[in-house]
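To start, the structure under review is shown below, and the notes come after it.
The values are calculated or read from the model by the stated rules, or taken from the named source; none is laboratory data. Since the model is a prediction, treat every value here as computed from it, not as a measurement. A quick note on method: Cβ atoms are made from the backbone with ideal geometry, for glycine too, and the neighbour counts reach across all protein chains shown. Protein only, heavy atoms only, side chains kept; ligands, DNA and RNA dropped before computing areas. Shrake-Rupley method; radii C 1.70, N 1.55, O 1.52, S 1.80 Å.
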Amino acid sequence: MRMRPTLSWTSDEELPPGTTDLEPVAGALRGGGVLILSGAGLSTESGIPDYRGEGGSLSRHTPMTYQDFTADAGARRRYWARSHLGWRTFGRARPNAGHRAVAAFGRQGLLSGVITQNVDGLHQAAGSDDVVDLHGRLDRVVCLSCGTFSPRRELAHRLEAANEGFAPVASAMNPDGDADLTDEQVGDFRVVPCASCGGVLKPDVVFFGEAVPPQRVEHCRTLVREARTLLVLGSSLTVMSGLRFVRQAAGAGTPVLIVNRDATRGDRHAVTRVALPLGSALTAAAGRLGVHVPAHAADAAAEPAQPTTRAALPTPASLSVTLRTRDITDIDVYG
């Protein structure tokens, strides 16, 4: 059965409207121990579109699935052509005021941690430490045969060399880092193999239809248990990947606050939802606390250490990847 992402949700109860009162957010931060859960909406001010907001990419674009990527060489060619073109823009994105505010809160000791559903690395680029990349990082690549990790920039150079002159004009950019291209624009784009073993390369992100590693989920659950407040920033919480942490917090009596312009699937669990643009809202909250938010990220984040290998996946002789039986109780798409 071919599975597709949750595009929307419909509330079965009347939810309270959002507020513009920032005091609950400022008060929670003032008390410390705040765990941030961020989604695609936090990065829109950096030029990266979201999935489900106004004009969100899911209205026109279905993200790549793990099943399609591993089973179909043509799907991989289309993915890498679109992703390679999109990376030229995505890789140049810079932290916005929202990311810088989160980093400033962290430097003041007001946060217990940051969990992000985004794959753009902008929290780290803004200076945040100990960020959990729930869905991985687009700036890393992994071989599905030998498990070797490598920086995305190295793959970009190899793809440039293999596809000299490849420069189609995309109709749109998507939050998972790829660009909208037609099959004609993809053409005979050449995909390059793993430099170590010749296997299939995949971005080190969780595709739709692929489970978040269980140990990563458990680490996030521990962070939720230890937090005084869960503050959700820019996530619709439409899918279980982020919603489960909101439910966990609310079930344990931990206050949940949401800053998101549109209604979310987690509103019923929240003390309040602040319906304001994230950059200005978080900067204003920082001002109430006397926390300075720099106009620009002080230092570009150092590239994270690249682990050499991970456990290799079993591969048949005819194809360097194979589908495995997976725990897919959380099939979704991040955002």
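Can Asp267 be described as open to solvent by 10 Å² or more (accessible area, probe 1.4 Å) and modelled with pLDDT under 95? In short, no. Count of segment 122-138 residues, restricted to those that are surrounded by fewer than 23 Cβ atoms within 10 Å (Cβ to Cβ), under 23 Å from His296 (Cβ atoms), in contact (Cβ under 8 Å) with a residue 24 or more places away in the chain and not basic (Lys, Arg), is 2. Considering Pro49, Pro24, the condition of being open to solvent by less than 60 Å² (accessible area, probe 1.4 Å) and within 15 Å of Val232 (Cβ to Cβ) is satisfied by Pro24 alone. Of all residues in segment 244-254, at least one satisfies being surrounded by fewer than 22 Cβ atoms within 10 Å (Cβ to Cβ), out of contact with any Ser or Thr (no Cβ under 8 Å at 6 or more places or on another chain) and under 18 Å from Val25 (Cβ atoms). Out of the residues in segment 228-238 meeting the condition of being touching a strand residue (DSSP E or B) at 6+ places or on another chain (Cβ under 7 Å) and in a loop (DSSP other than H, G, I, E, B), tell me which one is surrounded by the most Cβ atoms within 10 Å (Cβ to Cβ). It comes out as Ser235.
Taking the conditions (1) farther than 21 Å from Gly109 by Cβ; (2) of a type in the set (Ser, Thr, Tyr); (3) open to solvent by 10 Å² or more (accessible area, probe 1.4 Å) in turn, Ser241 satisfies each one other than (3). Residue check: is Val114 closer than 24 Å to Leu42 by Cα, open to solvent by 10 Å² or more (accessible area, probe 1.4 Å), modelled with pLDDT of 95 or more and not acidic (Asp, Glu)? So Val114 fails the test. Within segment 187-227, can you find the residues that are in contact with an Asp or Glu (Cβ under 9 Å, 6 or more places away or on another chain), among the small types (Gly, Ala, Ser) and either at pLDDT 95 or above or in a strand (DSSP E or B) (or both)? The answer is Ala195, and nothing else. Which one is farthest from His99 (Cα to Cα), of the residues in segment 261-288 that are part of a loop (DSSP other than H, G, I, E, B) and touching an Asp or Glu at 6+ places or on another chain (Cβ under 9 Å)? Checked segment 261-288; the qualifying residue farthest from His99 (Cα to Cα) is Asp262. Taken across segment 65-77, residues that are buried (at least 16 other Cβ atoms within 10 Å of the Cβ), at pLDDT 85 or above, farther than 25 Å from Ser241 by Cα and not polar (S, T, N, Q) do occur, with at least one present.
Within segment 164-176, residues that are closer than 15 Å to Asp188 by Cβ and modelled with pLDDT of 70 or more reach partners that are in a loop (DSSP other than H, G, I, E, B) and open to solvent by less than 70 Å² (accessible area, probe 1.4 Å) with beta carbons closer than 8 Å, at six or more positions or on different chains, in the pairs Phe166/Phe189; Pro168/Leu181.
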